[in-house]
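Taking it in order: structure first as structure tokens, then the write-up.
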Amino acid sequence: MQKGSGPRRGFKFLEHMGDAYVEAYGSSLEEAYSNAALAMFEVMTDTRNVEPRFEQPVTVEGHDLNSLLYSWLESLLVKFEVENRLFSRFMVEKIGTEGDLFKLKARVFGEDLDHKKHPSKTEVKAVTYHLMEIESSGPVYRLRFLLDL
């Protein structure tokens, strides 16, 4: 991964020793969360090679926006690890509150892992709360998070 890569894709990789430090952004929270997921899968493989052969609904919840981001990325990482699924398109349809919880509803698109078609870049071991930030500045939402490699 090169520092600063991906600005036209809604994310970039920031300087960090040994792990992937990501900044994802968008004009809405939904777009920023979608771009965060794309960045995580870009760490693992070249997402341009992942075709949207199936669609899968994803719903997660958290007690705040940070735990919602963690739950979102972790649920996708589990789908990769357990179901051998790669994703390249993420449509976060809604982020809102229900009672005391934040909820995210999305549709993700991808295909089953094929080692011949999807070269492995770097293994993501875990999503972390370390250095996690969520902020908005004018019309832009920015998320920062660290992936343990």
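Rule-based calculations on the coordinates, nothing more; no lab input. Quick caveat: nothing in here was measured; it's all calculated off a predicted structure. Note that each Cβ is placed from the backbone with ideal geometry, even for glycine, and that neighbours are counted across all protein chains shown.
Below, the figures for the structure above:
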read-out: Sparse-neighbour loop sites [trypsin sites (Lys or Arg not before Pro); region 92-146; at most 16 other C-beta within 10 Å; DSSP]; value: Lys116, Lys117, Lys121, Lys125
read-out: Where Cα atoms sit under 20 Å apart: lysine pairs in region 7-148 separated by 8 or more or lying on different chains; value: 10
read-out: Region 87-149 versus region 23-41: alpha-carbon centroid distance in Å; value: 6 Å
read-out: Residue-averaged [θ]222 nm for the chain, counting only DSSP H segments that reach four residues, each worth -39500 (n - 2.57); value: -8000 deg cm²/dmol
read-out: Derived scalar couplings ³J(HN,Hα) [region 83-92; Karplus, 6.51 cos²θ - 1.76 cosθ + 1.60; whole Hz; x for Gly, Pro]; value: 9, 6, 10, 10, 10, 9, 9, 9, 10, 7
read-out: Computed over region 7-148: relative contact order in percent, which uses C-alpha pairs under 8 Å that are six or more apart; value: 31 percent
read-out: Counted charge near Arg85, where neighbours are those whose Cβ lies closer than 13 Å (Asp, Glu -1; Lys, Arg +1); value: -4
